[in-house]
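Peer 1: First, the structure itself, so that you have it in front of you.
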Amino acid sequence: MSKNTRMFDLAIHGAPYAVSATPKRGMEFPDFKAMGLVLPIAGGARGIGTEGDVITQTTDGRDLNHLWDEFSQTMALRNERRQTLIDFLTFPVSQIIEDVPQVGTDDFEEASEFGVPKSIRPQMSYFSLAYDFKWYDLATRFSWKFLAEATASQVEAFHASSLEADNRLVFNKVFKTIFNNVNTASTIRTVNYTVYKFYNNDGTQPPDYNGIVHTTSHNHFLTSGAATIDSDDVESMYEHLRHHGYSEVNGMQMVLMVNPTEGVQIRKFRANTVNNNAKVALYDFIPALGSAPFILPSQGLIGNQPNADLQGLRVIGQYGPILIIEEDYIPTGYTFMFATGGKENVNNPVGFREHQNPSLRGLRLIAGDRANYPLVNSFYNRGFGTGVRQRGAGVVFQITAAGSYTIPTLYV
């Protein structure tokens with residue numbers, strides 16, 4: 001690549017790439033109108049940055065470089081939040097189909113005076129789980145005159161926008177896997193596989209756990225039967241995880257994600273006190289450290305307040321063993337509880353599949369077909385897919401007075 005086209009080097013997933021950037025279908029740009037900029041008719045209309053697109057200040061005299069930097073920093077913070085959620089929910093896989101062990105339990109038998117006990121034989125079974133897979137791409141294109149006049153901040157903003165688009169793509173795919181209760185089919189190398197969701201009454205019988213026998217109609221997509229969330233809803237979600245072995249006793253952290261609308265109601269829960277829908281709560285809602293001051297009736301606080309941060313996730317408080325996270329990405333009228341072992345833990349509910357070839361994983365920046373005068377382009381490329389890996393490790397609850405579960409519009 002000539003020195004005219006090597007504007008700067010980036011590091012994506014630890015590997016340096018020469019950037020000669022440029023926009024194609026689906027490319028998102030900064031909102032120039034919101035910035036107070038009036039752009040001339042220029043190459044940008046054709047998806048190519050041109051000399052006429054280089055602007056140094058807004059109409060009110062503000063340095064455009066400062067706006068570019070602010071734009072990039074804002075996207076980085078937003079991406080970091082989404083990535084933290086992805087890490088807690090997923091486990092990386094590279095196989096087309098994965099046999100996930102389903103472990104039962106063994107029991108002691110009463111000892112006899114002369115006999116010997118039977119040998120244990122772990123009730124190990126496997127459930128084959130598949131993950132879909134698609135390739136996605138995006139491009140940037142610049143003219144040599146644009147690169148000759150543009151600052152590094154202006155070019156980097158195109159790169160930041162590409163990273164934001166990638167982060168949003170992955171996040172939405174993971175959350176569509178969570179909130180969609182319909183199994184899908186994926187054709188991989190001409191073979192059809194079923195991509196499963198959380199238990200959804202599809203005829204699968206979950207393995208028994210500690211004497212609990214499940215049926216083939218078992219379902220983790222539930223409805224409340226009331227228009228407002230109550231303590232019984234939260235306790236029911238927890239029970240749907242615990243009776244599959246997902247609990248703090250087995251080293252898992254139980255997390256409930258709610259929209260701020262539901263968060264307001266959960267903050268009101270008090271032990272042995274009637275709350276919404278005439279339900280009596282088992283626990284007090286305990287605000288996290290750093291929350292607004294509060295007073296508990298009678299004995300005051302017993303135990304400790306939860307930390308306000310769960311490795312980057314904002315915790316508003318705790319209800320029993322469950323950490324409550326308030327997040328706008330959760331649609332109003334829906335809640336999602338899951339068990340997590342931490343970042344990219346094997347027990348996390350969603351499998352995040354990437355290519356078997358390590359060099360084809362992650363977001364890749366690829367030199368385009370035009371690397372010299374007069375145009376410079378490059379392509380962002382990612383291949384991945386998702387599928388539920390631990391079918392009993394998550395439960396989605398819709399707050400609705402009537403009807404069966406419906407997929408939220410945001411994640412259809």
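The values are calculated or read from the model by the stated rules, or taken from the named source; none is laboratory data. In this text the structure is predicted, and so the values were computed from the model without any measurement. Please note: Cβ atoms are built from the backbone with ideal geometry, for glycine as well, and neighbour counts cover all protein chains shown.
Peer 1: Pairs under 6 Å by beta carbon, first residue small (Gly, Ala, Ser) in the range 316-344, partner in a strand (DSSP E or B), six or more apart or different chains?
Peer 2: GLY317/PHE285; GLY317/ILE286; GLY317/PRO287; GLY317/ILE324; ALA339/MET254
Peer 1: Whether any residue in the range 157-172 is touching a residue at least 24 places away in the same chain (Cβ under 8 Å), among the small types (Gly, Ala, Ser), part of a strand (DSSP E or B) and farther than 13 Å from GLN83 by Cα is what I want to check.
Peer 2: no
Peer 1: Here's something else I'd like to know. Among the numbered conditions (1) in contact (Cβ under 8 Å) with a residue 24 or more places away in the chain; (2) in the same structural domain as TYR209 (by TED's automatic domain parsing); (3) within 23 Å of the chain's Cα centre (by Cα), tell me where LEU363 comes up short.
Peer 2: Tallying (1) in contact (Cβ under 8 Å) with a residue 24 or more places away in the chain; (2) in the same structural domain as TYR209 (by TED's automatic domain parsing); (3) within 23 Å of the chain's Cα centre (by Cα), LEU363 fails exactly one: (2).
Peer 1: For the range 323-330, check the following and say yes or no: at least one residue is among the β-branched types (Val, Ile, Thr) and more than 30 Å from GLY403 (Cα to Cα).
Peer 2: Checking the range 323-330: not a single residue is among the β-branched types (Val, Ile, Thr) and more than 30 Å from GLY403 (Cα to Cα).
Peer 1: I've got another one for you. Tell me which of these GLY385 doesn't satisfy, since it passes every other one: (1) farther than 25 Å from PHE88 by Cα; (2) outside any loop (DSSP other than H, G, I, E, B); (3) not hydrophobic (A, V, I, L, M, F, W, C).
Peer 2: GLY385 satisfies every listed condition except (1).
Peer 1: Something else now. Only one residue in PRO331, PRO321, PRO306 is within 14 Å of the chain's Cα centre (by Cα) and under 19 Å from VAL234 (Cβ atoms), so which one is that?
Peer 2: Just a single option satisfies the conditions, and that option is PRO331.
Peer 1: Ok, one more. Quick test of your reading of the structure: GLN318 fulfils all but one of (1) polar (S, T, N, Q); (2) crowded, with 17+ Cβ neighbours inside 10 Å; (3) within 21 Å of SER186 (Cβ to Cβ). Name the failing condition by number.
Peer 2: Here GLN318 clears every test but (3).
Peer 1: Counting only residues that are under 18 Å from ASN381 (Cβ atoms) and among the aromatic types (Phe, Trp, Tyr), which one in the range 135-158 is surrounded by the most Cβ atoms within 10 Å (Cβ to Cβ)?
Peer 2: PHE158
Peer 1: Going by what's in this entry, would PHE198 be described as at negative phi, part of a loop (DSSP other than H, G, I, E, B) and either buried (at least 19 other Cβ atoms within 10 Å of the Cβ) or in contact with an Asp or Glu (Cβ under 9 Å, 6 or more places away or on another chain) (or both)?
Peer 2: yes
Peer 1: Which condition does THR190 not pass, out of (1) among the β-branched types (Val, Ile, Thr); (2) surrounded by fewer than 18 Cβ atoms within 10 Å (Cβ to Cβ); (3) at negative phi, if it passes all the others?
Peer 2: THR190 satisfies every listed condition except (3).
Peer 1: Something else now. For the range 161-187, enumerate the residues that are surrounded by 21 or more Cβ atoms within 10 Å (Cβ to Cβ) and among the small types (Gly, Ala, Ser).
Peer 2: SER162
Peer 1: Give ASN181, ASN200 a once-over and let me know the one that is over 13 Å from the mean Cα position of the chain (by Cα) and without any contact (Cβ under 8 Å) to a residue 60 or more places away in the chain.
Peer 2: ASN200
Peer 1: Identify, by number, the condition in (1) at pLDDT 85 or above; (2) of a type outside the set (Val, Ile, Thr); (3) assigned to a loop (DSSP other than H, G, I, E, B); (4) more than 25 Å from SER161 (Cβ to Cβ) that ASN345 doesn't meet.
Peer 2: ASN345 satisfies every listed condition except (1).
Peer 1: Exactly one condition in (1) surrounded by 23 or more Cβ atoms within 10 Å (Cβ to Cβ); (2) in contact with a Lys or Arg (Cβ under 8 Å, 6 or more places away or on another chain); (3) among the β-branched types (Val, Ile, Thr) is not met by THR335; state its number.
Peer 2: Result: THR335 fails condition (2) only.
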